[in-house]
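The values are calculated or read from the model by the stated rules, or taken from the named source; none is laboratory data. Everything numeric here is computed off the predicted structure, so don't read it as measured data. Heads up, the Cβs are rebuilt from the backbone with ideal geometry, glycines too, and the neighbour counts pull from every protein chain shown.
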Amino acid sequence: MEELEYWLTRHESASYRAWVAIDGDHDEDNLASAGGEFVGFIATDITELPTVFGRPDRLVICDIYVKEFYRSTGLSQNLIERREIWGHQNDCDKLELEVDMGNDHALKLMKNLALSCLVAR
């Protein structure tokens, strides 16, 4: 129950956003009836820092997933670029990636795109 409450609260946050990648025809306003195939997503959140730190807020990539067939096609980079634009529009000049230590795909993506690692759990 605690985990459910955490996710519901996070998804209701004004700073949390998720973008979904669909291959094929779909209605952006109604993904539940999409005729295309789900191929990936990216979820981000803004981490607000107290002004005492003298650093700007950060846009953190919480989750990113791309189906294996679509990897190495530029889709991950496209999803990240879309989120970067949104981040800049919300005064976040720094983009960071939360990554699990054993997630080799995420670590490789982080290196390839020169992203800084926020958390290595």
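Overview of results
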| item | result |
| --- | --- |
| Looking only at region 90-121, and only at residues there that are closer than 16 Å to residue 42 by Cβ and among the polar types (S, T, N, Q), the one that is modelled with the lowest pLDDT | 112 |
| Residue tally, condition of a type outside the set (Asp, Glu) and without any contact (Cβ under 8 Å) to a residue 12 or more places away in the chain, over region 1-25 | 8 |
| Pairs where the first residue, in region 42-65, is farther than 14 Å from residue 84 by Cα and free of Cβ contacts under 8 Å to residues at least 12 places away in the same chain and the second is surrounded by 15 or more Cβ atoms within 10 Å (Cβ to Cβ) and among the acidic types (Asp, Glu), C-beta under 8 Å, 6+ apart | 49/57 |
